[in-house]
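Heads up: the structure comes next, in C-alpha cells.
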C-alpha cells in the first residue's frame, strides 16, 4: 500500500477578477498531476524555476489549498479535511523549507522553534520529558544540545537547516517534503545535509518528496524521479532509468546541463531556446513544443499523455520510443 497517492491534482491561482468576484484568468501552477510514494521511499521532483514543483510540494501537505484532485495519505483523502481534523493529521507529514534563514523565527530560541510542535501535539508530558526529547532531536541532526538556548542568527546556514530538520522530525512524521533543502547552502555543506537526510531515513523509515532543480543531487538521493514542466509531469521513472535513458527532450536537456567530471566526455550540451511559456496562457498541444528541438506539427495540436515507454518508465511525448 502506498503512503501517499496524488490523483489528478490541480492548483490554479486567480490573477484577474471579473465583476461579482469571478476569476477571468488563472495561473495553472499545477495542472492534473498524479503520482505515488511508498513508505520509506524517496521520490525526486525536478524542473526549472517556475515549473510548479514548490507549489506541488506545498499542496501535497495542504499548505496550499488544491483547486481539484485527491491527496490520499495513508488511505485517507486529506484534501477534504480542514481545521482540527487536518491539524490532527499534520503529525504525519512535515516540510523542510528552502531558505534556512527565512524559515526560522529570529525571535525564538532553538528550544522554542523545535519544541513548539511538541507542545502543540502534546508529545511531552512535562518539562523534563520535553528537554530530553529536544536534546535527542538536536543530537540526531548533529547539533550540540547545549545550543538549544541560542537564537537562529548565532548559527551558520548549514546549522540552521539542521534546526529545520529537527523541527520537522519532532512530531515523528511518516513523510517529509524537502523543498530544495540544500540549494541555499555551500557545496560542502550540501553533502552533509544530504547524508544526514539519508541516515535519518534509514533509522526512522521516513518517506521523502525531494524537490530540487539539480538533477545530480536528485539522482544521488532518490529511488524514483518525476520531471515537471509548466505544471505537468513530462517524465517519471526509477532514477537509473530516467538518468541513463531519458525519453523526453526536456529531461534530456536538463541532464545535458549536469557537469561531468570526465574532461574527455563526448556528451553534447542541449541548449533550449526561448523562455518558459506563461502558465496563464500555456501553449496548445504539448506545453514544451515552443522550445523543443525535435517538435513536429502534431506536437502543436495534440496534448501528449504520460504513457509507458518501458516497464516503470513513463514519458509525455509523442516522439518518445518504447523498448
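Every read-out reported here was derived from the displayed coordinates using simple, explicitly stated rules and does not represent laboratory data. Because the structure is predicted, anything quoted here is derived from the model rather than measured. So basically every Cβ, Gly included, is an ideal-geometry build from the backbone, and we count neighbours across all protein chains shown.
By DSSP, what percent of the beta bridges with both residues in the chain are antiparallel, rounded to the nearest 5?
Details: 30 of 48 bridges.
That works out to approximately 60 percent antiparallel.
The mean sequence separation of alpha-carbon pairs under 8 Å and at least six residues apart, normalised by the residue count of the chain, gives a relative contact order of 19 percent.
Taking each pair of different alpha-carbon atoms in segment 64-144 once, compute 1/r for the pair, average those values, and report the inverse of that mean as the Kirkwood hydrodynamic radius in Å to one decimal.
Values: mean 1/r = 0.0662 Å⁻¹.
Its Kirkwood hydrodynamic radius stands at 15.1 Å.
Using the Cβ-Cβ distance between residue 65 and residue 268 with R0 set to 45 Å, the FRET efficiency from 1/(1 + (r/R0)^6) comes to roughly 0.55. Here's the picture: a label point sits 7 Å out from the Cα of residue 186 along the beta-carbon direction, and within segment 139-155 the residues with their amide nitrogen under 17 Å of it are 154-155. Using a Gaussian network model of the chain in which every pair of alpha carbons under 10 angstrom is joined by a spring, one finds that among 75, 157, 83 the greatest mean-square fluctuation is at 83. For the pair residue 15 and residue 89, a Förster radius of 41 Å applied to the C-beta separation gives a FRET efficiency near 0.85, rounded to the nearest 0.05. Across q = 0.10, 0.11, 0.19 Å⁻¹, segment 178-323 modelled as identical point scatterers on its alpha-carbon atoms has Debye log10 I(q)/I(0) values of -0.40, -0.48, -1.23, in the order of the q list. Highest mobility in the GNM of the chain, judged by mean-square fluctuation with C-alpha springs under 10 Å and restricted to 112, 144, 99, is found for 144. Among 222-235, 191-204, 38-51, sorting by the average number of other beta carbon atoms lying within 10 angstrom of each residue, highest first, gives 222-235, 38-51, 191-204. Remark: spin-label model distance residue 275-residue 296 equals 3.2 nm, labels positioned 7 Å along the Cα→Cβ axis.
Just to be sure I understand: with springs between alpha-carbon atoms less than 10 Å apart, which residue in 147, 213, 248 has the highest mean-square fluctuation in the Gaussian network model of the chain? Sorting by GNM fluctuation, first place goes to 147. Modelled spin-label separation between residue 133 and residue 112, with each label point placed 7 Å from Cα along the Cα-to-Cβ direction: 1.9 nm.
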